[in-house]
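Below: one structure, written as structure tokens.
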Amino acid sequence: MAKKLYNEPSPLETKVISKRWGLEGSETLDVYLANDGFKAFLKAREMTPEAIIEEVKTSALRGRGGAGFPTGLKWSFVPRTSPKPKYIVVNGDESEPGTCKDRLLIEYDPHNLIEGILIAGLAMDAHKGYIYIRGEYRFVIEKMNKAIAEAYARGYLGKNIAGTGFDFDLYTHSGAGAYECGEETALLDSLEGKRGVPRMKPPFPAVAGAWASPTLLNNVETFASVPAIIRDGGAAYAALGTPKNGGTRLLCLSGHVNKPGVYEIPLGFPMMKAINELGGGMRNGKKLKAVVPGGSSCPILLASECDIAMDYDTVAKAGSMLGSGGMVVLDEDTDMVAVALRIMRFYAHESCGWCIPCREGTTWLRKILQRFNDGGGRHEDIALIGDVAKNMFGRTFCALGDAAAMPTMSIIQKFSHEFEERLAKQGSGLVSING
Amino acid sequence: MLQSYPEGKKRSAVVPMLIYAQDETGAVTAELIEEVAKRCEVTPLQVDEVVGYYSMLHRKPQGKFHVQVCTNISCMLVGGTELYDQACKKLGLGHKQTAADGVFSLEEVECMGACSWAPMVAINYDYHHNVTPEQFDALIEGLKRAQ
Amino acid sequence: MAELVKVKINGQEFEAEKGKLLIEAARENGIEIPAFCYKEGYSLQAACRMCLVEVEGTPKLQVGCTLPVDVNRDGTPMVVHTESDTVKAARKSTLELLLTNHPLDCPVCDKGGECELQDMVFRYGAGESRYTERKVHTPEKQWSPVVFFDAPRCILCYRCVRACNEGMGVGALGIGNRGVVAEIIPNKHDHLECDECGACIDICPVGALTSGIYRYQTRPWEMNHVGTICTHCSDGCKTTLGVRDGEIMRGNNRDSSGINGEFLCVKGRYGFDFVNHPDRLQTPLLRNAAGGFDEISWAQALDLVSKKFTEVKSKNGKFGVIGSNHTTNEENYFLQKFARQGLGTKNIDHHRTGDLATLFDALSGKTDALASMQDVYTAKAVLVVGSDLAQQHPLLSFQARANYRHHAAHIYAVTTGEVREDKQAVASVRVQKGGELAGVESLRDKLKAEANLVIVFGDTVQGDALRKLVAFGDSLGIPVKYVGLVDYSNSRGAYDMDLLPRDGGLSREQMLAAADLDVLWVVGANPLKSAALASKNACVVVQDMFLTETAKAATLVLPAASAYEKNGTVTNVTGEVQKLKQAIKVMGTKTDLEIMGSIAKEMGLNLGIWLPEKMLEEIRSTVHGYNVALPVLSSGAAVATQPLNGKVAALPGTIGSAGDTLFTSGTLGRYSKTLNSVMEAPGSLYGGKDH
């Protein structure tokens, strides 16, 4: 029996990590075990840590949180033989606007995540793991806790897992509302009970992460991809995608398409096909204006720039990023001034305030854009917005400053005419500047 | 909760302890800060710093039903802003305001992770996807009746 | 020795230690990389982004305060530009961003003229602002009697947070909210519960944290800045007094040139205000028949005293002379000379607050056995015995903490109660009063394994116990140095200048108990606060600033100048001599040296010229260990004394600390409005008892 999902799956999908989603009871251990569950873990148990890491390297899996760093390489940085305890930390802070996939991996298939974490535990010689989940996702935390309890009860967590002699304890950890905690070192500070302010790097979390111990930190989707890689082999997984862009990933399609939803597609899937076929085309027959390819921190692509394959490298070449998989589709009627403002309101709200350029820059930009959007724009504002964003870019403590600057710079670069049109509509231009 | 963390790392429980305690007490009070500090073996100041940082932690009580309307980009594109305006009117409240009778409070929130099923509204911890204006009104009326 | 590598900065090639922070390596070679959040000795923040520099081969600007100097991967030297157009433009833009929410109230801001933000804007421009939006504004807050916070001026460099947490070990400041409304918050929600040391104010680069007593009073350039030594505890901190029109406006240590570096406690920073307390004596007082006092002239007063002293001396009467823990070495030296040569008495003493006699005797024959203030910062291990340093010796406490922070020194504490050192301590032992030695003994194995050790001990370790402590130190087989704690700014000097009942003289207690005492001469002390005078007919002459319990019982009271109104020298707890520099003059008062000199002159005694420099000359040639280098002393530096000089005879009398807290300071504290206000403020940590 199939269960109702948040959106209908598409025949165009390549289902690897979402293959169990439609099954009734997919969140239970029994259904998981009946559908390849824990085969990969038992296989990994017979492998050396080096072989596990090698397999992940072969898979060409890249971090699904946003940065797209090669996962196998990251795994190899953790000093497995360190006498300190090692930790597995799962980033389930999912806060990048446009992104809503990690929650599904937990809601629909939590045991697959557990298995991925256990395999990482084997590879790292780690015996404790924490799944950091954003506080708003209370229902997701509860689902995860239920799965963890079931796994403990059935011997898939705790001592001597599945009779293999391997011990592992897994916990969830609730956030409390902070986008910044999606940044891995801010997440670690938050996990340690502090303000979610990023740490100075080096040292990197691999060496000194949670409680100054070696820590492997990956996104939910990254860990969820691991069981399939070990079970079917890294090469098979890699082959699903394009070179250096292995496997499949979840695309969170939103905005002006007919069939928004979360779909699993191979790396290298054509962007226009995603919009027109997966997404069922533009709503109300409108024309495509622009695309935010991977969450709101990515530079916006013009419709004319969207005829590309969605892999990390191709999208980067087009001047943007695949990011977290949150693809927002904008139609011809979209007001780009309003979009720029909304994006900046978000980053100003979420700036942790630690460093000057981000703290002051995001707020300044928010204020100019608000005034502009409210009809108080001035011609010099257009250049000023671009310039303030540029001055913030590359100079902040962490990537949040860049995340705020990049879409803004791209909007000013590509849509300055819309700002000009706004000014023209304002008429005389004689407006209060302190409104 | 304290047992989840490694030996001597009780501080780690600060954020979850605060949010779960807040669910019970309605707000983060000075007494709660002292209590969490004691249990987690940190100074009250260290807890206070955390309270100010996380947007879900609040020092004043919210309504019994805390209505959160997302207007971030994915929701905005498909009616989130209008839904928020409607919520303001329907509830007679503005951003981060709580009704005098304490039943409802309203907040315009940032992305809550329901982008593909936008626009979304959350009431306390319950998510509502693809919310139409009619559904929103019905939702509020239902809560009023249940009240 | 760390490996040296080549680094090229602004076209010049230097050698720097591999791994040294670029900002430090540059500074050592005379190149300043500007920064707000970087502060030497404190943890790194990389928050202000002012120190961004260009490093060839790296596309993004690099953060100079966290970038370690190293060679490039190909072995070529790192090539850095700190003043290129790109770098200067970045700085200018950061300043522009910083100024968006910074109020431009420089004309009334306390910091105007001393503001690092002003200086930076002056250097890098951003004189014109493109910012036309509304600024974030929040009202100013008062956090304690002495600390005000103006959030809009704050640039969030987190220096105050670190000074309080890392430097002071208090941790009373944190960060609240986030984003553009993030701000510094105090530990008690709306007020501070802390040492009230004002380090946060001192270290603030802008006018965000201001001093309750100085704010909106004056402009920095209207003051003369007089570097002198704090007159309260014995640690000997340099405090720079800002003086305008004969009034002390503030105390601080902006040039950090003293042995205290950047440190000052509440007393050094605010405790000068007793000088203009309304009860300050400004005219000599003579007891009248009705039991009250009549104001008399200095000429009359000096005439009366000299006649009385001459009369008692001529009939071989009994004098008792009690000196001060606050007066200068020159004054103390002159006083003992006056007593011994001028009055022919051995009855001279002062309130001894630590057993220096036994310490020096037990250490006789040793060299290098007395620790300096610097030793407490550099020793591999520090053992604190029987003292709450944070309360009574805040600089020593700061030094030990800094040593732990910078050098990972091992700290040990053997005390009766919890002390701040517990937080850093390898081991803390709690003992009953008198059980200190057993506590120390329990650490033997750990201490034996240390490379060297400084033992800091309080007044409970005296006499036999002190000899045993030194024997314990000897038995460890490692170099051990000692700090014998004494209470006040010149307690050590009073001992060294021989205000001691040697060779059969009467101790303080014995003088007070002698029913046949003819004259009790008290210079800057208050012995009758806690004891009665047995002799009913004694003429009591008191030199003091206030009508203390002793002055109230006097026949004649002579209004004396405070340490801030004097030149001369004082010797701190670690035996370091430093110069006092006169900051102000209070009408009607005379320095104790001038008073004593005038009495001597009236009496026709020849005790030498009573000028501080003349007395210092004499001290240098006659007092053992005090042949201090004058040029060094004149430069404002501290000069170590070498007091160990063989056997010291046992002295009569008792020894004990007055037990002041961080917020009390004997008589001076009672007349300090600021010290009283911090004690009365809500959440005051150190109320203490009235001493």
Query - Positive-pole candidate from C:ASN252, A:SER18, C:LEU630, dipole of the protein assembly as shown, charges at beta carbon - result: C:LEU630
Query raised in the report: How many nm separate the modelled label positions at A:LYS3 and C:SER634, each set 7 Å beyond the Cα in the direction of the Cβ?
Result: 9.0
Report task. Please give, to one decimal in nm, the separation of the simple spin-label points placed at A:ALA212 and C:ASN288, each 7 Å out from Cα toward the Cβ. Result -> 7.2
Query - Alpha-carbon centroids, segment B:29-108 and segment A:177-254: separation in whole Å - result: 29
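Scaled to the compact-protein estimate 2.2 N^0.38 Å, what is the alpha-carbon radius of gyration of segment C:4-83, rounded to two decimal places?
Values: Rg = 11.6 Å, N = 80, 2.2 N^0.38 = 11.6 Å.
With N residues counted in segment C:4-83, Rg over 2.2 N^0.38 Å equals 1.00.
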**Report entry** Longest exposed-site-free window of chain C, the sites being trypsin sites (Lys or Arg not before Pro) in a DSSP loop that have at most 10 other C-beta atoms within 10 Å
**Finding:** C:74-314
Query raised in the report: Residue by residue through segment C:151-163, which ³J(HN,Hα) values in whole Hz follow from phi under the Karplus form 6.51 cos²θ - 1.76 cosθ + 1.60 (θ = phi - 60°), with glycine and proline marked x?
Result: 4, x, 6, 5, 9, 6, 9, 6, 5, 4, 4, 6, 4
Query - Relative counts (whole %) of C-alpha pair distances in segment A:248-331, using bins that are 10 Å wide - result: 21, 61, 18, 0
Query - Top positive-direction residue, dipole computed over segment A:248-331 with Cβ charges, set A:VAL291, A:SER324, A:MET271 - result: A:VAL291
Query - Debye-sum result for the protein assembly as shown in log10 I(q)/I(0), which assumes one identical scatterer on each alpha carbon, at q = 0.09 Å⁻¹ - result: -1.13
Report task. Would you please give the FRET efficiency between A:LYS15 and A:GLU420, computed as 1/(1 + (r/R0)^6) with r the Cβ-Cβ distance and R0 = 51 Å, to the nearest 0.05? Result -> 0.65
Query raised in the report: Tell me, C:TYR270, A:TYR171 in order of fewest to most beta-carbon neighbours within 10 Å?
Result: A:TYR171, C:TYR270
Report summary line: Among GluC sites (Glu not before Pro) in segment A:1-95, those in a DSSP loop whose Cβ has at most 14 other Cβ atoms within 10 Å are A:GLU24, A:GLU46
Report summary line: Check: in chain B the Lys pairs 8 or more apart or on separate chains whose Cα atoms fall under 13 Å apart number 4
Requested in this report: Obtain the radius of gyration and the Kirkwood radius of chain C from its C-alpha atoms and give Rg over Rh.
Outcome: 1.01
Query - segment A:216-260 - Rg and Dmax from Cα coordinates, angstrom - result: 13.3, 39
Report summary line: Mean per-residue count of partner chain Cβ within 10 Å for A:125-137 equals 3
**Report entry** Two-decimal log10 I(q)/I(0) for segment A:336-426, as the Debye equation yields it once each C-alpha is a single scatterer, q = 0.16, 0.19 Å⁻¹
**Finding:** -0.53, -0.74
**Report entry** Separation of the A:LYS39 and B:THR132 label points, Cα + 7 Å toward Cβ, nm
**Finding:** 4.4
Query raised in the report: How big is the charge dipole of segment A:248-331 about its Cα centre, in debye rounded to the nearest 20, if each Lys and Arg gets +1 on its Cβ and each Asp and Glu gets -1 on its Cβ?
Result: 280
Report summary line: Here P(r) for segment C:1-157, Cα-Cα distances in 5 Å bins, as whole percents, is 1, 8, 16, 18, 18, 13, 9, 7, 5, 3, 1, 0
Query raised in the report: Along its principal axes, what span do the Cα atoms of segment C:200-294 show, with the longest given first and each in whole Å?
Result: 59, 31, 20
Query - From the C-alpha gyration tensor of segment A:100-253, square roots of 5λ in Å - result: 23, 20, 18
Report task. Using only atoms on other chains, find how many Cβ atoms lie within 10 Å of each Cβ of peptide B:2-9 and report the average. Result -> 4
Report task. Tally the DSSP beta bridges in segment C:4-83 and give the antiparallel ones as a percent, rounded to 5. Result -> 80
Query raised in the report: Average partner chain C-beta neighbours within 10 Å, per residue of A:189-202?
Result: 6
Query raised in the report: Hey, with R₀ at 22 Å, roughly what FRET efficiency would A:THR164 and A:ASP125 work out to, going by the Cβ-Cβ distance, to 0.05?
Result: 0.95
Report summary line: For B:69-76, B:29-36, ranked highest to lowest by mean beta-carbon neighbours within 10 Å, the order is B:69-76, B:29-36
Query raised in the report: Let a ≥ b ≥ c be the square roots of the eigenvalues of the Cα gyration tensor of chain A; is it rounded (a/c under 1.5), or, if not, prolate (a/b larger than b/c) or oblate?
Result: prolate
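Using helices alone, I'd like the mean residue ellipticity at 222 nm for the protein assembly as shown: each DSSP H run of four-plus residues gives -39500 (n - 2.57), total over residue count, nearest 500. Walk me through the numbers on the way to the answer.
Numbers: 44 runs with 423 residues, N = 1273.
-9500 deg cm²/dmol, from helical runs alone.
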Query raised in the report: Which far-off residues, 5 or more places away or on another chain, put their amide H under 5 Å from the one on C:TRP521, with H placed in the peptide plane?
Result: C:GLY320, C:VAL321, C:ILE322, C:VAL541
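Under Stokes-Einstein, with the Kirkwood radius over Cα pairs standing in for Rh, what whole-number D in µm²/s applies to segment C:557-668 at 10 °C and 1.306 mPa s? Before the final figure, lay out each step's value.
On the way: Rh = 16.6 Å.
D = 95 µm²/s.
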Report summary line: One would report the antiparallel percent of DSSP beta bridges in the protein assembly as shown, rounded to the nearest 5, as 50
Requested in this report: Please report how far the C-alpha centroid of segment C:597-631 lies from that of segment C:496-550, rounded to the nearest whole angstrom.
Outcome: 23
Report task. Would you pull out the residues with amide H under 5 Å of A:THR248's amide H, same chain only if 5 or more places away, H placed 1.01 Å from N? Result -> A:LEU267
Query - Antiparallel %, DSSP beta bridges [both residues in chain C], to 5 - result: 55
Query raised in the report: Roughly speaking, what is the centre-to-centre gap between segment C:312-338 and segment C:352-398 when only Cα atoms are used, to the nearest Å?
Result: 28
**Report entry** Theoretical FRET efficiency, 1/(1+(r/R0)^6), r = Cβ-Cβ of C:LYS88 and C:GLU140, R0 25 Å, to 0.05
**Finding:** 0.15
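What translational D, rounded to a whole number of µm²/s, comes out for segment A:43-105 from Stokes-Einstein when the hydrodynamic radius is the Kirkwood one over Cα pairs, at 10 °C and 1.306 mPa s?
116
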Report summary line: Among A:LYS201/C:LYS18; C:LYS581/C:LYS614; C:LYS20/C:LYS238; A:LYS273/A:LYS414; A:LYS15/A:LYS273, the pairs whose Cα-Cα distance exceeds 26 Å are C:LYS20/C:LYS238
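Each reported figure results from applying straightforward, stated rules to the coordinates on display, with no laboratory input. For clarity, every value in this text was computed on a predicted model and none was experimentally measured. Every residue, glycine as well, gets a Cβ built from its backbone with ideal geometry; the counts of neighbours run over all protein chains shown.
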